[in-house]
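Shown next, in structure tokens, is the structure this report addresses.
What follows draws every value from the coordinates through simple rules; no lab data is involved. Keep in mind that what you see is a predicted model, and the values were worked out from it rather than measured. Note that we place each Cβ from the backbone using ideal geometry, even for glycine, and neighbour counts take in every protein chain shown.
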Amino acid sequence: MNIRGVLSYLMHTLRNEKLLTVLIILLFSAFLSQLISNVPATITLINHVDNNWLALAYGVNIEGVGTLIGSIANIIIFRFINNLDLKRFHLYLLPYFTVLLITSITLLYLPIV
């Protein structure tokens, strides 16, 4: 099953669970944007989120801050900093990604609750 199929299945299954649906869109788009750039991630997911555009916007705008491959800027930094290894690079990026994800979830749920 492809990415669109997984999201479509989840959206259909959870169509009456607004809070859970919003969380899944945010998490799915945030993690997808760690693997591919946020523009293709947005294009891939935009037709599957219905009125939950804010969850998609928060998720894809976390962008590739948690991985080397998710952001061209990360690749440039890694390439030009001589004494930076992959483990050390992710040692800083992953906590930053986690903070952004928790903050996004909190901000997203404030208007719903």
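Brief remarks on what is shown
- From the alpha carbon centroid of region 43-65 to that of region 78-113 is 17 Å.
- Taken over the chain, the convex hull of the Cα atoms encloses 96 Å³ per residue.
- Per-residue ellipticity at 222 nm from helix content only, as computed over the chain with -39500 (n - 2.57) for each DSSP H run of at least four residues, stands at -21000 deg cm²/dmol.
- Label point distance in nm, L107-I81, each placed 7 Å from Cα along Cα→Cβ: 2.4 nm
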